[in-house]
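No lab work stands behind these numbers, since they all come straight from the coordinates. If you're wondering where the values come from, they're calculated on a predicted model, not measured in any experiment. Note: ideal-geometry Cβ built from the backbone for every residue, glycine included; neighbour counts use all protein chains shown.
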There are 2 protein chains.
Amino acid sequence: MEFFKPTPESIPPTGVSYRLRIPKGLPVHRHALNPLAFVLRSAQIYPDKLAIAHPDVPHPVYYTYSVWAQRIQNLAYALIQAGIRPGDRVAVIAPNTPVIAEAHHGVLAAHAVVCPINSRLTPQEVAYILDHSASKLIIVDHEFTHLVRGAKARVIVSNDTGRAGDPYEDFLSVGRRFSAEKGWPGLEWEKDEEAPSALCYTSGTTGRPKGVVTTLRGAYLAALANAYETGMNRDSTYLWILPMFHASGWTYPWSVTLASALQITLRSVSYPHIWNHLLNSGVTHYCAAPTVQIGLINAPQAQRLPRPVVAIIAGSAPTAHLIRELEKIGIMPVHVYGLTETYGPCTKCYEQPSWKSLSLEDRTKLIARQGVSFLTADETRVVYPAKEGDALDAELADVPKDGKTMGEIVMRGNIVMKEYFRDTEATRKAFRGGYYNSGDLAVMHPDGYIEIQDRSKDIIISGGENASSLAIEQELSSHPDILEVSVVARPHPKWGERPMAFVILHPQKAEKWAGKHDEFGKDLKKHARARLPGFACPEWVKVVEELPKTATGKIQKVVLRKAVAKL
Amino acid sequence: MEFFKPTPESIPPTGVSYRLRIPKGLPVHRHALNPLAFVLRSAQIYPDKLAIAHPDVPHPVYYTYSVWAQRIQNLAYALIQAGIRPGDRVAVIAPNTPVIAEAHHGVLAAHAVVCPINSRLTPQEVAYILDHSASKLIIVDHEFTHLVRGAKARVIVSNDTGRAGDPYEDFLSVGRRFSAEKGWPGLEWEKDEEAPSALCYTSGTTGRPKGVVTTLRGAYLAALANAYETGMNRDSTYLWILPMFHASGWTYPWSVTLASALQITLRSVSYPHIWNHLLNSGVTHYCAAPTVQIGLINAPQAQRLPRPVVAIIAGSAPTAHLIRELEKIGIMPVHVYGLTETYGPCTKCYEQPSWKSLSLEDRTKLIARQGVSFLTADETRVVYPAKEGDALDAELADVPKDGKTMGEIVMRGNIVMKEYFRDTEATRKAFRGGYYNSGDLAVMHPDGYIEIQDRSKDIIISGGENASSLAIEQELSSHPDILEVSVVARPHPKWGERPMAFVILHPQKAEKWAGKHDEFGKDLKKHARARLPGFACPEWVKVVEELPKTATGKIQKVVLRKAVAKL
């Protein structure tokens, strides 16, 4: 920290007021919910507390809450000066850095809509999103400028230095000049809590990506639930592993500031850096998909942690192996579930006190379920999926709570998106029956917990039976030599489809099976037969070095299916 | 617990659904905030977890969340069957019991408004409130039936037994008969989150009590903040010391269910019972005014606690003595501030990490301040009080943040009441300048923390100087022999007014000063002169056995002033 000084423009004037102007004529008792409130109150209460640290880069930066709030205000004024008007979209393409965290606040303060774009997309995909969102300004990290070549909108490049001379810092300086005379009271509090907060595009594995419109109210309530459900408070330190461009980082940019906690940003998933922070920076919370968690426990630095750390897991269910290994080193897994359309997590698998006495295997089966709606989320149901010709306003019917009947997960309430941007038809279809239709297939257990079986396209129809590739993966992953496994359907002349398993061996077991992958395949099939019905046992097993993954760490079954189709 | 069985009507049917009917035509992404949501989700997630215990009575009761939710549903249907329509007021007169906690949920489920009435009022005062609120039904505890004799509305008596034959239980049974066929889905979710949730009357030390109308939205958000700010979760046990009839128990009836915690109800403030639960029932949280906290630490049972307990303190500021004594036995004081008009607490004195290194005396001075707006509360300001002839819509001006200039505390936002019931004029005046005008006088410190000086009427104008009776009390209470002290103005021929102190001696010091109260008075005046300006030193000191207190434990200065006027 001793080598870093925030730019003079980042230093707030003395006597700063954190109160925005309240529009005239509003009722005294009604204040529009807006997650911008959180950073303002943290800056008021803990002005000198570290808000954000960005250490593992050539130019590390560290901002206290008061300094960071000033930068957010500068950004807001700079955007307004640049012609950004209420409701305009401002795109951000950046890895986890203070810049993208700032955008999640400063853009809102300008009454504009933050549009974080996945930096791992192709220039064509980015161009599509920039065009579809009609973003009027683009903030881009220097590593990703190739993604916005030819963009029509104004581009502000960040060199991720936080130092004078960085184009992004020059941009902020404009805002500071403007803000010095006005401060926060020069900005008006957005009076419509249903105004859009973010526009996040789905990964679009099928068809064009869709733009998910979320609201200020939803972001406020989701951020609240995320902080409460994970026990984040001012003594917490949140480590950014989950990319912030993914569903606005599941609203954690706001949850962390709500808690007045410290956030540490990492440009990429680097296990040495992660372990360094787990051991030496007081990290208490992080979010990550299971594949990243697997990398984490298998890193050479892995060791028992000096304090409990909460690992928020979503993307797919944690396996018994993963849970055991995490708990062994003091990491407490919290299994949550959600989609971009639900602001990231909206359910949580609440561990019952009685589960403590179960065997790890039995406990894991319970923890691997997606659970129930979390604090501010409202309804999550499993209903019979729409049939061809069903009216869009037909009443939805719950599947029985038997843990067997497959249905579709649907949600409604404050933690559901407002709409798909500029796509009335897709919105209408997604909101069949007055609920958001997730496309995730699940069962409802007698205790009211949902459990995902599969995305509809991930179901394997083997000999007329519906086999869940997820359920097969859960069982296969209990084989002691397996690090990761993914199962997809492969056409079969007799059975229609049969499961095929792609396996990454545990590093310490790779040698054991070197040159003997056929034998391993037999061993795994035997393991499967002891645990699964015949139609769900893998017909083929292929040992691979790595699995294709999305930018957010999800295994891309679509790639595996394409590979399988060529066999 | 082995001797208690809930009535058969309290047992939910198998396969109960906790989902209310959603009115047609509402947007998918918008769900009306309503604190009823909390008990429903706790019942869904933890059906067999103990929700409420009422142990220290002839007929103890213990309800799990699923059983308690069923009773709440029964109450809702019973009320509807009894002719209660949306918006009707249902009065409750009861000490802390499951009945009054139930009313805070069941009345809301019937879309009615809960009107908790202070059981320590006179029959005339109660009659006024029943009449003014036009309560259509009264639920009354057997100990307080004398308060409702002659009431026009239907009266349901609770014998506080939870057993068949209790008239209240008979009333619930009607609801259960009705509900068996319909369940929760037979009730509609209130679609207007601004519908009233409660009608709580102020204590009315000056003039008629006023009816404070709160909303479902406000109650939801206040309950959320109270749970988050005090760290309540499913492992917590909340002990009811604060009366639930006081500002709806500061929204804790909903905070506790939000947290899926256990609540223990006590009919009265009994230190042996309180200590029994602190020591043996796993209590982690309670709310109480300083006077009750003083009684608690001075009880013969007082001892170091086996686990940390959070004591939420409001009503007046904790003294250094109180903080030291609480912390010594493992009780962590959290100082909050608010009024009935702000759902109870709406600010919190956030302790800064740096305060840990201060002397207790210096730390106490900081902790004794009322702090800043808490999580979901919005603005709290200190402004120049209205002058005669000021327009009600005049812009309010903040006093400087100098810790000296006295102004009035005003608030706006989601944790401010909607209005005074049937009193447009009082509402208009209270909302001067677009803020709720609290009537509490305070200064704003440079760090943004507010500190109450006094209610305007508690200021002592001594020799033309404004002396804060609270500030005087703070200094006097540092005298080692004082248990409690209250200071009021007494007319003085030369100075206009001069402070008079009423003192309760510490039990262990009473003997030391027996027969020597004059000497004690001199000692105290000497103590005061070392700490206070001359005009603020007490001119008179009177040792008393007890101080007059309101039902909620606040010292009634109005009574002391009347006594002084006769001297």
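Give me a comma-separated list of calculated 3J(HN,Hα) values for region B:141-155, in order, Karplus coefficients 6.51, -1.76, 1.60 applied at θ = phi - 60°, integers in Hz, x for any Gly or Pro.
Values per residue, Gly and Pro as x: 6, 4, 6, 10, 5, 5, 6, 10, 4, x, 5, 7, 6, 5, 10 Hz.
Do any chymotrypsin sites (Phe, Trp or Tyr not before Pro) in region B:382-433 lie in a DSSP loop with no more than 15 other beta carbon atoms within 10 Å, and if so, which?
Nothing satisfies the criteria.
Any idea what angle helix A:271-280 forms with the longest principal axis of chain A, computed on alpha-carbon atoms, 0 to 90 degrees, nearest 10?
70 degrees
Across region B:49-266, how many lysine pairs separated by 8 or more positions, or lying on different chains, have Cα atoms within less than 27 Å?
Going through region B:49-266 pair by pair, I get 7.
Quick one: label points 7 angstrom along Cα→Cβ at A:LYS562, distances to the other copies in nm, smallest first?
8.6
How far, in whole Å, is the nearest Cβ of chain B from the axis relating it by rotation to chain A, and which residue carries it?
B:TYR228, 3
Under the Kirkwood approximation applied to all pairs of distinct alpha-carbon atoms, what is the hydrodynamic radius of region B:49-266 in Å?
After inverting the pairwise mean of 1/r, the radius is 17.3 Å.
Going by C-beta contacts inside 10 Å, put A:ILE138, B:ILE84 in order with the fewest on the left.
In increasing order of surrounding Cβ atoms, one gets B:ILE84, A:ILE138.
Tell me, what is a quarter of the convex hull surface for the C-alpha atoms of chain B, in nm² with one decimal?
27.3 nm²
Take the alpha carbon atoms of region B:487-505, find their center, do the same for region B:81-120, and report the distance between the two centers in whole angstrom.
With region B:487-505 and region B:81-120 each reduced to a Cα centre, they are spaced 43 Å.
In cubic angstrom, how much convex hull volume per residue do the alpha carbon atoms of the protein assembly as shown span?
182 Å³
With no solvent and one point per C-alpha, what does the Debye sum give as log10 I(q)/I(0) for region B:467-522 at q = 0.24 Å⁻¹?
-0.97
Which value in nm describes the separation of the simple spin-label points at A:THR145 and A:ARG428, placed 7 Å from the Cα toward the beta carbon?
A separation of 4.5 nm, rounded to one decimal place.
How far apart, in nanometres, would the label points at B:ASP523 and A:GLU545 be if each is projected 7 angstrom from Cα along the Cα-to-Cβ direction?
Here the answer is 8.6 nm between the modelled labels.
How big is the dipole moment of the protein assembly as shown about its Cα centre under a simple scheme where the beta carbon of each Lys and Arg is +1, that of each Asp and Glu is -1, and everything else is neutral? Debye, nearest 20, please.
220 debye
Using a 10 Å Cβ count of at most 15 others and DSSP loop calls, identify the longest part of chain A lacking such GluC sites (Glu not before Pro).
A:182-387
What are the residues whose amide H is under 5 Å from the amide H of B:ALA51, where those residues sit 5 or more places off or on another chain and H is modelled from the backbone?
B:TYR63, B:THR64, B:TYR65
At a 10 Å Cβ-Cβ cut-off, how would you order B:LYS348, A:LYS49, fewest neighbours first?
Taking fewest neighbouring Cβ atoms as first place, the list is A:LYS49, B:LYS348.
Measuring from label point to label point, each 7 Å out along Cα→Cβ, what is the B:ASP235 to A:ASN298 span in nm?
Output for this residue pair reads 3.2 nm.
Could you tell me the extents of region A:463-565's C-alpha atoms along the three principal axes, largest first, rounded to whole Å?
Here the Cα extents, ordered largest to smallest, are 39, 34, 22 Å.
Compute the acute angle (0 to 90°) between the alpha-carbon long axis of helix B:65-81 and the principal axis of greatest extent of the alpha-carbon atoms of chain B; round to the nearest 10°.
The answer is roughly 80 degrees.
Over the C-alpha atoms of region A:215-314, what are the Rg and the largest Cα-to-Cα span, Dmax, in Å?
Values for region A:215-314 (Cα only, Rg and Dmax): 13.2, 43 Å.
If you take the beta carbon distance between B:LYS512 and B:ASP447 as r and set R0 to 41 Å, what does 1/(1 + (r/R0)^6) give as a FRET efficiency, to the nearest 0.05?
In this case the efficiency is close to 0.55.
Want the number for B:ALA391 to B:HIS492: 0.36 nm per residue separation, take away the alpha-carbon distance, what's left?
32.8 nm
State to the nearest 20 debye the size of the charge dipole of region A:380-457 about its Cα centre, where the only charges are +1 on K and R beta carbons and -1 on D and E beta carbons.
The dipole magnitude comes to about 180 debye.
Report ³J(HN,Hα) in whole Hz for each residue of region A:96-101, in order, from the Karplus equation J = 6.51 cos²θ - 1.76 cosθ + 1.60 where θ = phi - 60°; Gly and Pro get x.
5, 8, x, 4, 6, 5
Would you mind checking which residues have amide H under 5 Å from B:GLU379's amide H? H placed 1.01 Å from N; only 5 or more apart, or other chain.
The list, which skips near neighbours in sequence, is B:ARG412.
Could you let me know the centre-to-centre spacing of region A:121-144 and region B:531-549, using Cα atoms, in angstrom?
A separation of 71 Å, based on Cα centres.
To one decimal in nm, how far is A:ASN298 from the same spot in the other copies, if labels go 7 Å from Cα toward Cβ? Please give the shortest first.
Ordered by distance, the counterparts are at 6.7 nm.
Test of understanding: what is the full-extension gain from B:ALA180 to B:ASP362, defined as 0.36 nm times their sequence separation minus their Cα-Cα distance?
59.5 nm
For helix B:517-529, what angle does its Cα long axis make with the longest principal axis of chain B, in degrees from 0 to 90 and rounded to 10?
With rounding to tens, the tilt is 80 degrees.
Once the label point is placed 7 Å from Cα along Cβ, list for B:GLY87 the distances to the corresponding points in the other copies, in nm, shortest first.
Spacings between copies for this position, smallest first, are 3.4 nm.
Report the Stokes-Einstein translational diffusion coefficient (µm² s⁻¹, integer) for region A:380-457, Rh taken as the Kirkwood radius over Cα pairs, at 10 °C with viscosity 1.306 mPa s.
The Stokes-Einstein estimate is 123 µm²/s.
Cut-off is 10 Å between beta-carbons; in what order do B:PHE374, A:PHE520 appear when sorted fewest neighbours first?
By the 10 Å Cβ count, ascending: A:PHE520, B:PHE374.
Distance from the Cα centre of region A:383-402 to that of region A:3-52, in angstrom?
First find each Cα centre; the distance between them is then 46 Å.
State to the nearest 20 debye the size of the charge dipole of chain B about its Cα centre, where the only charges are +1 on K and R beta carbons and -1 on D and E beta carbons.
So the dipole magnitude of chain B works out to roughly 300 debye.
Can you give the calculated 222 nm mean residue ellipticity of the protein assembly as shown, where each DSSP H run of n ≥ 4 adds -39,500 (n - 2.57) and the sum is split over every residue, rounded to the nearest 500 deg cm²/dmol?
-8500 deg cm²/dmol
Two-decimal Rg/Rh of region A:299-409 from alpha-carbon positions, Kirkwood Rh?
We get a ratio of 1.06 for region A:299-409.
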